[in-house]
Structures are given as C-alpha cells and as structure tokens.
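**Q** Let me begin by handing over the structure; questions about it come next.
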Amino acid sequence: MASVASAAVAIPSFTGLKASGAAAVARVATSVKAAPSPSPRLVAKAALKDVGVAAAVVATAASALLASNAMALDVLLGRSDGALVFEPSAFSVASGEKIVFKNNAGFPHNVVFDEDQVPPGVDASKISMSDEDLLNAAGEEYSVTLTEKGNYTFYCSPHQGAGMVGTVTVN
C-alpha cells in the first residue's frame, strides 16, 4: 500500500499591508466608481468559479491516481529461486482493484483465466492474455482489473503442466 505524508503549505500573510492615509482610500473609491458596469465583475466571478472547478478536477484526478497506486496488487511470475509459480498463488482483492502480474524468473510467461473457473457472465478471453502473447523479459507486466465478485482460476499456459496455477477471490 502506498502512503501519503502530510505536506506543509505556506499561506502568505497580508497583515503588513496598510493604506497610507485618506489619499489611498480616495484612490480606491475613485477606481470603484470608474468601473464601467457590473459585467466585468460577473466575468471575474465566473473565471474564479472556473478556477475552482479546475482545481476540483485536478484534485479528483490526483486522488484517483493515488488510489489506483494504492489499490494495486503485484503478483510475480516465477519465483526468484527459479520455481515456476505465481507468487502469491492465492489471494483476494476488492472489486475494481488492479492486479499487476510482473515477469520475474523462468519466463516466458502469460496469464490466462480458465473459462470454466470464473464467475458466471465473465468472458475469460477478455481478461486473459492470448496464448501467443508472452512476457519474455524480466520486469514485463500484464495488468487486469476484475469487477465481478467471485472466484477466478488462472494459469501460465507454457507452465500449466508444471503447476503454475493461481486463484483470486474478488470481494
């Protein structure tokens, strides 16, 4: 899981600003009276509103990015000692959580979901790599996000006979 540390934000202080005498007040009053119409103020308010909306969109996107990084499970393809396994081979994720399969050792590998061992209504071919698509180098990745709750069985087609099989439960 990723963690977010608090950040300090500096807010400028304007307490040192003071109007110098009646001349400054008169200039402010004159500039307000010189305003052609209320329309520019409305435009300014609309522009400030747009800035607020833009800031909200940026904040939402940043939150989604942090959440997506925090909500990802890494599964190694092949153990560092050369064993042909998924590590971990059995795990649970929340619906919508991203699973990242990372090529580690003993490749080539792929990730294929067993069409007979996925929840009803799930098309295993849409969440699987094809038999021809293989991860051939260390660090290559395949990601999938499962949304339908239930149990899924997956395997590496080149190494299924060697027992390279895994299960995931989506809660």
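The values are calculated or read from the model by the stated rules, or taken from the named source; none is laboratory data. For clarity, every value in this text was computed on a predicted model and none was experimentally measured. Reconstructed Cβ throughout: ideal geometry from the backbone, glycine too, with neighbour counts over all protein chains shown. Please note that ligands, DNA and RNA were not included when accessible areas were found on the heavy atoms of the full protein model with its side chains. Shrake-Rupley method; radii C 1.70, N 1.55, O 1.52, S 1.80 Å.
**Q** Give me the residue from segment 158-171 that is open to solvent by 40 Å² or more (accessible area, probe 1.4 Å) and out of contact with any Phe, Trp or Tyr (no Cβ under 6 Å at 6 or more places or on another chain) and, out of that set, nearest to residue 92 (Cα to Cα). Break it down stepwise before answering.
**A** Our first condition is that a residue be open to solvent by 40 Å² or more (accessible area, probe 1.4 Å); within segment 158-171, this holds for 158, 160-163, 165, 167, 169, 171.
Restricting the remaining residues to those that are out of contact with any Phe, Trp or Tyr (no Cβ under 6 Å at 6 or more places or on another chain) gives 158, 160-163, 167, 169, 171.
Values: 158: 24, 160: 21, 161: 24, 162: 23, 163: 20, 167: 8, 169: 5, 171: 7 Å.
The residue in question is 169.
**Q** Restricting to segment 109-134, what's the tally of residues that are buried (at least 16 other Cβ atoms within 10 Å of the Cβ) and either touching a helix residue (DSSP H, G or I) at 6+ places or on another chain (Cβ under 6 Å) or within 12 Å of residue 76 (Cα to Cα) (or both)?
**A** Number of matching residues: 6.
**Q** Which residues, counting only those in segment 143-154, are open to solvent by less than 40 Å² (accessible area, probe 1.4 Å) and touching a residue at least 40 places away in the same chain (Cβ under 8 Å)?
**A** Here is the first cut: in segment 143-154, the ones open to solvent by less than 40 Å² (accessible area, probe 1.4 Å) are 144, 146, 150, 152-154.
Once the filter is applied, which keeps residues that are open to solvent by less than 40 Å² (accessible area, probe 1.4 Å) and touching a residue at least 40 places away in the same chain (Cβ under 8 Å), segment 143-154 yields 144, 146, 153, 154.
**Q** While we're on this one: Taking the condition more than 13 Å from residue 73 (Cβ to Cβ), in a loop (DSSP other than H, G, I, E, B) and touching a residue at least 24 places away in the same chain (Cβ under 8 Å), does residue 96 pass? Reasoning before the result, please.
**A** Numbers: more than 13 Å from residue 73 (Cβ to Cβ): no; in a loop (DSSP other than H, G, I, E, B): yes; touching a residue at least 24 places away in the same chain (Cβ under 8 Å): yes.
Answer is no for this residue.
**Q** Counting only residues that are surrounded by 19 or more Cβ atoms within 10 Å (Cβ to Cβ) and closer than 12 Å to residue 74 by Cβ, how many does segment 99-108 have? Step through it out loud before you land on a result.
**A** Let us first name the residues in segment 99-108 that are surrounded by 19 or more Cβ atoms within 10 Å (Cβ to Cβ), namely 99, 101, 103-104, 106-107.
Of the ones still in play, those that are also closer than 12 Å to residue 74 by Cβ are 99, 101, 103-104.
So the answer is 4.
**Q** What is the residue count in segment 154-171 for residues that are of a type in the set (Ser, Thr, Tyr) and either more than 25 Å from the chain's Cα centre (by Cα) or within 16 Å of residue 105 (Cβ to Cβ) (or both)? Give the derivation first.
**A** First, the residues of segment 154-171 that are of a type in the set (Ser, Thr, Tyr): 155, 157, 167, 169.
Filter again for either more than 25 Å from the chain's Cα centre (by Cα) or within 16 Å of residue 105 (Cβ to Cβ) (or both), leaving 155, 157.
Number of matching residues: 2.
**Q** For residues that are outside any helix (DSSP H, G or I) and closer than 14 Å to residue 114 by Cα, tally how many sit in segment 124-145.
**A** So the first thing to find is which residues in segment 124-145 are outside any helix (DSSP H, G or I), and the list is 128-145.
Narrowing further to those that are closer than 14 Å to residue 114 by Cα: 128-131.
Residues meeting the conditions: 4.
**Q** Go through segment 146-160 residue by residue and tally those that are among the polar types (S, T, N, Q), over 22 Å from residue 78 (Cβ atoms) and outside any strand (DSSP E or B). Spell out how you get there, then give the answer.
**A** Kept after step one, since they are among the polar types (S, T, N, Q), are these residues of segment 146-160: 147, 151, 153, 157, 160.
From what's left, over 22 Å from residue 78 (Cβ atoms): 147, 151.
If we keep only those that are outside any strand (DSSP E or B) too, we end up with 147.
Residues that pass the stated criteria total 1.
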